[in-house]
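Reading through the structure tokens given below for one structure.
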Amino acid sequence: MSPKNITATEINDDFDVRFTHRLIFDRDVLAIDNPTIDRIFADAPTDEPRAGMIVAVDAGLAAKTPGIHDAIRGRFDRPHLPDVREILEVPGGEAAKNDPAVIDRMLDAIERHRIDRRSYVAVFGGGAVIDAVGFASSTAHRGVRLIRFPTTVLGQLDAAIGVKNGVNRFGKKNFVGAFDVPVAVICDERMLETLGDRRWSEGFSEAVKIACLQDAAFFGEIEDAADGIRERDLDVSRPVIHRCAELHLRHIANSGDPFERREARPLDFGHWSAHRLESMSDFERSHGEAVAIGVCLDAAYSHVDGRLDRGSLDRIVDTTVRLGLPVFDPLLLDTGLIEGLEEFREHLGGRLTVTLLEGIGHGVDVHEMDLDRLRRSIAHLESNAPA
Ligand SMILES: NC(=O)c1ccc[n+]([C@@H]2O[C@H](COP(=O)([O-])OP(=O)(O)OC[C@H]3O[C@@H](n4cnc5c(N)ncnc54)[C@H](O)[C@@H]3O)[C@@H](O)[C@H]2O)c1
Ligand SMILES: [Zn+2]
């Protein structure tokens with residue numbers, strides 16, 4: 001048949017969607033007399049039937065906080081707050097993102113309790129549990145309302161902020177996921193008290209990351225605070241956590257590309273190798289520690305590449321060490337590391353984009369990495385890592 005001689009018809013229109021991202025820092029949010037949770041629901045219409053809510057709790061958090069189920073039930077036991085239909089415990093850490101059964105259990109609970117788009121899922125836990133539960137909540141009914149309660153430092157200053165929900169498949173980080181804006185992110189500093197020292201320190205790698213990229217003054221503040229942070233002095237650590245969270249939120253809200261449709265994702269500084277180190281180590285190396293190493297690696301590369309002066313590189317490595325974080329992993333010497341670059345390119349789509357530094361506070365995107373310079377950067381870290 002010959003093609004019909006008709007003219008193609010195209011109908012286009014533009015539309016904007018406005019989102020509000022609420023981020024709250026507080027202490028003891030589950031205390032009966034703390035009004036923060038009530039405030040979140042203060043604007044809910046009163047003529048609607050009481051909404052239902054499923055709560056997911058990180059099993060690692062629950063193990064350290066024996067009364068948490070009762071505290072959650074007690075706090076939400078008010079007519080104007082959603083009705084807690086079930087509390088599920090989810091395995092903590094990367095296991096939550098590696099095991100598809102976690103998503104299925106969440107979807108099953110959402111279905112059984114008739115959680116609809118006016119109902120809620122709340123999640124208490126580390127970044128991994130928040131990612132996995134957020135993936136389930138953002139795909140059930142194409143999105144039910146999510147409230148995140150991050151309980152790790154990394155969760156409060158980075159992972160729980162923003163619009164990304166991802167889980168791992170085929171051994172690749174965040175291979176499956178969805179963009180979705182939470183109703184609120186509520187950070188309770190009391191919940192950080194049960195973290196071990198390594199878990200505490202590792203979160204601050206993301207603060208070093210964002211300061212290196214965007215804010216030299218903030219880097220100076222982290223540098224000054226590093227010893228107090230390592231000693232877990234909350235008065236010293238709190239402003240760093242809050243400022244880091246704010247920078248992440250501002251970037252998402254104001255960069256003009258919250259759903260990462262375009263090429264550059266400057267908040268991923270140090271992450272191409274971090275993600276690879278995590279998967280090469282079978283997730284023995286945590287995200288936060290891998291980011292500490294990845295940031296130092298890309299800072300060292302920036303120096304070898306002639307962009308970053310030696311004094312700035314030394315400050316970044318020294319601050320990372322003083323925070324109690326690693327700057328080198330023998331897996332950096334494995335040839336498999338390079339595959340991380342291709343994986344990262346594939347994840348971004350299009351050409352490779354890696355962020356380097358042209359000074360502390362000045363990130364710049366490049367589109368290729370030279371393998372010989374990369375080897376020299378790794379050698380630099382190996383010889384400068386504390387014994
Ligand atoms: N979605 C995003 O935008 C985004 C951004 C950054 C990182 N992430 C993801 O976040 C994950 C890392 O999150 P993380 O660093 O919070 O670690 P994590 O979620 O892996 O948790 C680490 C461990 O801490 C335990 N835990 C959680 N809260 C606790 C508490 N209060 N007391 C004691 N133990 C507790 C957990 O059970 C787990 O064993 C990675 O999967 C990373 O890819 C996501
Ligand atoms: Zn990260």
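One decimal place: the segment H69-E284 gains 74.5 nm when fully extended, by the rule 0.36 nm per residue minus the C-alpha distance.
Couplings 3J(HN,Hα) of the range 344-359, computed from phi: 5, 4, 4, 5, 6, x, x, 7, 5, 10, 10, 8, 10, 10, 10, x Hz, in residue order, whole Hz [Karplus 6.51 cos²θ - 1.76 cosθ + 1.60, θ = phi - 60°; x for Gly and Pro]. Label-to-label distance, R78 versus D33, with points set 7 angstrom from Cα along the beta-carbon direction: 1.4 nm. Pairs of Lys residues in the chain, spaced 8 or more positions apart or belonging to different chains, with C-alpha separations under 28 angstrom: 12 in total. Eigen-decomposition of the gyration tensor built on the alpha-carbon atoms of the range 23-194 gives equivalent ellipsoid semi-axes of 23, 19, 14 angstrom, largest listed first. Spin-label model, T335/R238: points 7 Å from Cα along the beta carbon direction are separated by 5.3 nm. Per-residue packing, averaged as other Cβ atoms within 10 Å, sorts the ranges 304-315, 235-246 into the order 235-246, 304-315, beginning with the highest.
Beta bridges per DSSP, both residues in the chain: antiparallel share near 25 percent.
Only the Cβ atoms of Lys and Arg (+1) and of Asp and Glu (-1) were treated as charged; on that basis the dipole of the range 27-171 about its Cα centre amounts to roughly 220 debye.
Report note on the peptides 94-106, 74-86, 278-290, 250-262: ranked by the mean count of other C-beta atoms within 10 Å, highest first, their order is 278-290, 94-106, 74-86, 250-262. A simple spin-label model places the labels of R50 and R351 5.8 nm from each other, with each point 7 Å out along Cα-to-Cβ.
If R0 is 35 Å, what FRET efficiency do you get for L249 and T9 from their C-beta distance, rounded to 0.05? With R0 = 35 Å, the Cβ-Cβ based efficiency is 0.25.
On full extension, the segment bounded by E221 and A379 gains 54.0 nm, given 0.36 nm per residue less the C-alpha separation.
Across the range 223-229, computed HN-Hα scalar couplings (Karplus, 6.51 cos²θ - 1.76 cosθ + 1.60, θ = phi - 60°) run 4, 5, 8, 3, 5, x, 4 Hz from first to last residue, x flagging Gly and Pro. Placing R0 at 41 angstrom, the Cβ-Cβ distance between D197 and F19 gives a FRET efficiency of 0.65 after rounding to 0.05.
Any read-out appearing in this document is the output of simple, stated calculations on the displayed coordinates, not a laboratory observation. This structure is a prediction, so every number in the text was calculated from the model and none was measured. With ideal geometry, Cβ positions are generated from the backbone for all residues, glycine too; neighbour counts draw on all protein chains shown.
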